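Colleague: Encoded as structure tokens, here's the structure I'll be asking about.
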């Protein structure tokens with residue numbers, strides 16, 4: 001799957017007759033394909049980071065579950081469902097875009113990493129636990145008198161944030 005700036009590049013990428021394939025498979029075999037009145041409806045899913053016009057999209061996916069899993073991995077908070085209504089000649093007649101916000105219950109807890117950096121000499125380290133950062137800072141400040149170690153918290157989506165007054 002490739003990153004797509006605009007998700008509309010997907011419509012009929014496989015070259016074969018989607019309508020004939022759906023008729024041959026009985027229609028119910030494909031989740032992302034269906035008939036709406038006289039039009040043929042094709043649905044696909046994208047993971048995206050916002051509802052803004054300039055947004056990052058990743059996909060396409062055939063099922064919502066695939067898109068949700070990828071959105072969680074990327075730290076994205078929205079799904080985008082594209083519905084293409086096609087006529088008998090497989091030409092796109094209408095495109096519908098539906099944004100779905102992922103609830104906090106379905107999102108994985110974002111991993112937070114801790115970074116320490118000496119404000120005097122620039123030496124730095126990454127830590128998985130708070131006590132590791134504390135020990136690294138103690139050792140560094142003991143070995144280098146008058147050095148000051150700063151602590152940063154890094155998480156996807158929020159970036160790097162300094163934790164002020166962490167040493168009391």
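Colleague: Just checking, how many residues over the stretch 35-69 are under 30 Å from residue 159 (Cβ atoms) and buried (at least 18 other Cβ atoms within 10 Å of the Cβ)?
Modeller: Qualifying residue count for the region: 11.
Colleague: Taking the options 35, 45, name whichever one is in a strand (DSSP E or B) and at pLDDT below 90.
Modeller: 35
Colleague: State whether the residues of the stretch 79-90 include one that is surrounded by 13 or more Cβ atoms within 10 Å (Cβ to Cβ), modelled with pLDDT of 90 or more and over 22 Å from residue 42 (Cβ atoms).
Modeller: No, the conditions are met nowhere in the stretch 79-90.
The values are calculated or read from the model by the stated rules, or taken from the named source; none is laboratory data. Quantities reported herein were computed from a predicted structural model and do not represent experimental measurements. Note that each Cβ is placed from the backbone with ideal geometry, even for glycine, and that neighbours are counted across all protein chains shown.
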